[in-house]
Amino acid sequence: MIHTSPAPHRPRPTPIDPAALPRRALCVAVTSADALRSCRRALEIHTAREDAVRVLIVCDERTDPRPALLRDVRSLGIALGDLGASTELVARLKSEIAEFAPELVYGPTGLGTDLAQRATAAALASALVGGVERRVLLYPATADGASAEGPEGSERFENVSSRDVLELWRAAARTPALPQTTAVVSTWNKRDDVRVNLDGLRSQTLPFAEIVVVDNASNDGTAKMIAAEYPEVRLIVMPHSAYGACETFNIGFATSQTEYTAILDDDIVMPPDWLEKSTRRLHREPSTTAIVSTQVIEPQMPQSYKDSPLVNTERYMSTFRGCASLARADALAKAKYYDERLFIYGNERDLTCRLLNLGYRVLQYPGASVFHKTPFGIKMGKRSLYYHARNAWLSMLKYAPLSDLLRMPWLVFSNVVLRGSAKEAEGTVTDAVGTIGIGRSLRETPGAWLVVAKAAFSVLYNVPYCLKHRQPVRAPDFELPLS
């Protein structure tokens, strides 16, 4: 499990000792009012001593002029209402800390109900851990203006080391009323993307109980980076790189010992509120809802698609976004996870068919979102085209009712081969992960029809396997991946 030893004991708040304060300090606060309310006395001490002190305001503020006490002030300029959904907060805090190189950091405990304070506290903890060891003074910032001062009129802080601040935050931020979640990430040769991803997973306002990364024998140093910089992650390294994503994800799913499992791509950037929002939404659903599939923003995604009611409305679906979804672990196990014969691509719809046959449903939930670095639509290239073309047929041979199977050749021709990019950009294509961009791939991939022919021969080879596992789906949520 992620915690091999008890979380560090949370220190009792104590008054500051001016003589013990380092001379180079960074004060991180949601607003300038928070900095003044919670750290005024400390800032006065630093100013009187002519220390190097900087105040970093996270949210965009229009108030001017600033109080004279706040001499060196920087603002990240994030709108207050967008803070919980910001995908850049950890990276920007890391950059500011590295640039200013403080010996002492003031930051919020984030133990109240205010989302902005909790998001800032979580992101700051993630930004501090693993770097240069610094002294950290945590102040109990609140959104209602309550004082952070002790009975003597001097501010009281929790005095911790940057190496402990993340575990202290994780221990304090757990919510017993909500189910715990294991994050499962499968990766191959995306070291830098995985680093940003793990920073986002670390900085959740509702912490993950465990983070599992299955590395498919990357040769770019991914595993070494994770072991050195993210020791709390359970890292599984495959013996070679010939395993498919379906198999590596299944290995991760099987390790989960929590009620929920997060299914995550390696190149997403997760905002601080993703797990909390997704958990609360799935928790409100009946036990027959197996998965909530959250909103995904991708490069080159047309604005018309982003604004489409089909994409932005809660509704039950016949598939889910495998790059960012939250699932009930027992439902995944009952459905026997991904079909490893698919290797990669199309596995989400295939799994959903089995969930539907078990009486489960999949909910599209646009209330939480992630940024996915892979461009909109299917990935261009022969490998992607082969597995998308092959796996759509394998899944439907197993699960589509006979009447739908008979319609598929015409639907492939009319709704995929002839469907243009403009139609897809309108946001009228209802499948979440299936065929968007496959027409373009057929037109632009060299030797595309030879690739399709190879996929067809593979389909014929796998017909006995599909018939052996055939179980037509009668659930009303089912639809073909070509609608």
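The values are calculated or read from the model by the stated rules, or taken from the named source; none is laboratory data. These numbers come from a predicted model, not from an experiment. A quick note on method: Cβ atoms are made from the backbone with ideal geometry, for glycine too, and the neighbour counts reach across all protein chains shown. Surface accessibility is based on the protein's heavy atoms, side chains included, excluding ligands, DNA and RNA. Shrake-Rupley method; radii C 1.70, N 1.55, O 1.52, S 1.80 Å.
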**Asked** Of the listed peptides 203-209, 133-139, what is their order by residue-averaged count of other C-beta atoms within 10 Å, with the highest listed first?
**Response** 203-209, 133-139
**Prompt:** Considering every pair of different Cα atoms, what Kirkwood radius, in Å, is found for segment 186-288?
**Reply:** 14.3
**Complete:** Two pseudo-spin positions, 7 Å from Cα along C-beta at residue 68 and at residue 82, lie apart in nanometres by 3.5
**Asked** Which length gain, in nm to one decimal place, applies between residue 300 and residue 240 when the Cα-Cα distance is subtracted from 0.36 nm times their residue separation?
**Response** 18.3 nm
**Prompt:** Just the accessible area per residue of the chain, please: how many Å² with a 1.4 Å probe?
**Reply:** 42
**Item:** Per-residue SASA entry for residue 14, accessible area with 1.4 Å probe, Å² rounded to 10
**Value:** 70
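Antiparallel versus total DSSP beta bridges in segment 198-342: what percent is that, nearest 5? Provide the component values of the computation, followed by the final result.
Working: 8 of 12 bridges.
Roughly 65 percent of the beta bridges in segment 198-342 run antiparallel, per DSSP.
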**Prompt:** Ignoring any ligand, DNA or RNA, what whole percent of the accessible area of the chain comes from carbon and sulfur when the probe is 1.4 angstrom?
**Reply:** 55
**Prompt:** In nanometres, what is the gap between the two model label sites at residue 474 and residue 334, each 7 Å from Cα along Cα-to-Cβ?
**Reply:** 1.8
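Checking understanding here: applying a Kyte-Doolittle mean of at least 1.6 and a length along the axis of at least 18 Å (C-alpha), which whole DSSP H helices in the chain pass? Mind dumping the intermediate values first?
Numbers: long enough: 32-48 (20 Å, -0.25); 115-128 (19 Å, 1.04); 382-399 (26 Å, -0.72); 448-461 (20 Å, 1.66).
Correct list, ordered by number: 448-461.
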**Complete:** Simple SL model, points at 7 angstrom along Cα→Cβ for residue 255 and residue 402; separation in nm is 4.6
**Prompt:** By per-residue mean of other Cβ atoms within 10 Å, what is the highest-first order of 231-242, 163-174?
**Reply:** 163-174, 231-242
**Message:** As a test of reading the structure, rank 444, 50, 298 by solvent-accessible area (1.4 Å probe, protein chains only), most first.
**Reply:** 50, 444, 298
**Message:** Given Cβ point charges of +1 (Lys, Arg) and -1 (Asp, Glu) and nothing else, what value in debye, to the nearest 20, does the dipole of the chain about its Cα centre take?
**Reply:** 1340
**Item:** residue 75 long-range amide H proximity, modeled H, under 5 Å
**Value:** 57
**Average Cα contact separation per residue, the chain, under 8 Å, 6 or more apart, as relative contact order %** = 13
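Under 8 Å for C-alpha pairs, at least 6 residues apart: give me the relative contact order for segment 299-407, rounded to a whole percent. Write down the numbers at each step before the final one.
Values: 88 pairs, mean separation 38.3, N = 109.
Answer for segment 299-407 is 35 percent.
Okay, helix-only estimate at 222 nm for the chain: each DSSP H run of n ≥ 4 adds -39500 (n - 2.57), divide by all residues, round to 500 deg cm²/dmol; what do you get? Intermediate values should be presented prior to the final figure.
Values: 18 runs with 182 residues, N = 483.
The per-residue figure over the chain is -11000 deg cm²/dmol.
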**Residue-wise HN-Hα coupling along segment 374-380, computed from phi with Karplus coefficients 6.51, -1.76, 1.60 (Hz; x: Gly, Pro)** = 6, x, 4, x, 6, 5, 6
